[in-house]
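Right, one structure below, let's go through it.
The values are calculated or read from the model by the stated rules, or taken from the named source; none is laboratory data. In this text, all values refer to a predicted model and were calculated from it rather than measured experimentally. Glycine gets a Cβ as well: all are built from the backbone with ideal geometry, and neighbour counts include every protein chain shown.
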Amino acid sequence: MLHSATKFLGGHSDVLAGLIVTADEELGKRVKALQNGLGTVLGTQESWLLMRGMKTLQVRMEASERSARKLAQWLNEHPGVARVYYPGLDGHPGKDVHERQSQGYGAVVSFDAGSGEKARRLLGKVRIPIVAVSLGAVESILSYPAMMSHAAMPAEVRAARGITDGLVRYSVGLEDVDDLIRDLAQALEA
């Protein structure tokens, strides 16, 4: 398993880190040989930042998830939103699988604004979240996969994978959820 520790584990948008975990002893030896040969270890500052972030991981996740759940429910009822993707919503495909494999529903809510034009307008009108390609921080982050993380993917491949031009990803941080909702409401209605 590859894991980006830059995201939730770090949690403060100030460290680049990752990890590899395997239960396969032979693969573990090969990874260790590569690590040793390439010198891929975290520096002391990055290690300290990661340890600092992990100390507050549980309380950050609990707060962000509570807010994400409320935001997802609000978005699900908003007439200007075509579809909401959040495993904590009733009727979400795969909710039963998610519940067997996870504790909680996470802090990322994706939704389809209806079109690329509406999604881009939304990005220009929000005031609270940072518009960036990231997630899992104390601050809320809004990203637009069609023009950011998945921009290099051909449009037909994105569409086949459910990544529409209207899809927006909201990583909910620690701001007051009612402030996030008010901000999103004004942006959707602009």
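The table that follows gives values for the structure above.
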{"read-out": "Some residue of the range 138-146 being small (Gly, Ala, Ser), closer than 26 Å to Leu57 by Cβ and either not in a loop (DSSP other than H, G, I, E, B) or not assigned by TED's automatic domain parsing to the domain that holds Ala72 (or both)", "value": "yes"}
{"read-out": "Only listed residue being under 30 Å from Asp183 (Cβ atoms), surrounded by fewer than 16 Cβ atoms within 10 Å (Cβ to Cβ) and over 18 Å from the mean Cα position of the chain (by Cα), chosen from Arg52, Arg83, Arg30", "value": "Arg52"}
{"read-out": "Pick from the range 157-190, criterion basic (Lys, Arg) and touching a strand residue (DSSP E or B) at 6+ places or on another chain (Cβ under 9 Å), ranking: surrounded by the most Cβ atoms within 10 Å (Cβ to Cβ)", "value": "Arg169"}
{"read-out": "Count of the range 98-121 residues which are closer than 19 Å to Ala68 by Cβ and free of Cβ contacts under 8 Å to residues at least 24 places away in the same chain", "value": "5"}
